[in-house]
1. If you scan region 71-95, which residues turn out to be of a type in the set (S, T, N, Q), farther than 17 Å from THR160 by Cα and either surrounded by 15 or more Cβ atoms within 10 Å (Cβ to Cβ) or without any contact (Cβ under 8 Å) to a residue 40 or more places away in the chain (or both)?
2. What number of residues within region 131-144 satisfy the criterion of being open to solvent by 40 Å² or more (accessible area, probe 1.4 Å) and modelled with pLDDT of 95 or more?
3. From the list ALA98, ALA109, ALA178, ALA147, which residue is open to solvent by 10 Å² or more (accessible area, probe 1.4 Å) and either in contact (Cβ under 8 Å) with a residue 40 or more places away in the chain or within 19 Å of VAL34 (Cα to Cα) (or both)?
4. For region 158-175, name all the residues that are over 17 Å from VAL96 (Cβ atoms) and open to solvent by less than 10 Å² (accessible area, probe 1.4 Å).
5. If you go through region 182-207 one residue at a time, how many are open to solvent by less than 10 Å² (accessible area, probe 1.4 Å) and out of contact with any Phe, Trp or Tyr (no Cβ under 6 Å at 6 or more places or on another chain)?
Amino acid sequence: MRMRTLALTAAAVLGSISLSAPASATVFDFNDIVTVKGTNVGMGWTIDFDGMSASGNATSKVGATGTFTYTGLSNAGKTYNFNYSLKNDSAYSSYVHALGFDTTGAFTAFNATGALASTSTNVQWPSSYIGTEDLCMGGGGGSNCVAHYNTGITSKGSGTFAITFANVMSSIDLDHFAVKFLNLSRDIDGDDWALGVGHVTSMTSGADDLPVITAPEPMTWMMMLGGFGLIGAAIRRRPAKTAGTLQTA
């Protein structure tokens, strides 16, 4: 399986960039890596979640889109904060009950608010294909965010999440994004639940990638003002032109 790595750094292109999966990529190639720098406040990315039945077959009956924005550091630089928004665009009515992904570094806490506010860590998802996710956020109660609670996002939902690390991290990687659909209006391969595997489709740059415009230093201001003064003095010292003499015949 091919791995497509997407890293947003200071050299990234300003604005939005579109990333298309090569024709040879499978629908389940969800190893895209998003690198988030601590200084890159405002960067964002969009993920499409392609449907996969509980049996591991591709399906167009479920699907979702997620947008994510990095909002900055807190907790003395140890906590990375994000906004998220998910749209359930499945053909079958359902709940997007859970969102899971992996990260780098030794994390010590994971918290979320909004539509998917129930958080868990190191969760075994109900599919050997996805495996264990470092971080998981879901709707409803229960300590396991992928338990079968019929709660979550039926159309659109949003909120925040925060990842706290044991040490200050200059950057972190996020990857292996997946969602779980529950309470399908019709079974897919005999099951009333399904999964969505994510791939990054676009990214936008943050503050760290914008050109910095700085004001002149005080000494530079003094030199500029002094130069203006010299120019003004030179203009005042220039002799006035005398009018020409009109001669008559």
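The values are calculated or read from the model by the stated rules, or taken from the named source; none is laboratory data. None of these values were measured; they are calculated from a predicted model. Neighbour counts run over all protein chains shown; Cβ positions are idealised from the backbone, glycine included. With ligands, DNA and RNA removed, areas are computed over all heavy atoms of the protein, side chains included. Shrake-Rupley method; radii C 1.70, N 1.55, O 1.52, S 1.80 Å.
1. ASN88, SER90, SER94, listed by residue number.
2. 0
3. So the residue among ALA98, ALA109, ALA178, ALA147 that is open to solvent by 10 Å² or more (accessible area, probe 1.4 Å) and either in contact (Cβ under 8 Å) with a residue 40 or more places away in the chain or within 19 Å of VAL34 (Cα to Cα) (or both) is ALA109.
4. Across region 158-175, the qualifying residues are ILE163, PHE165, ILE172, LEU174.
5. So the answer is 2.
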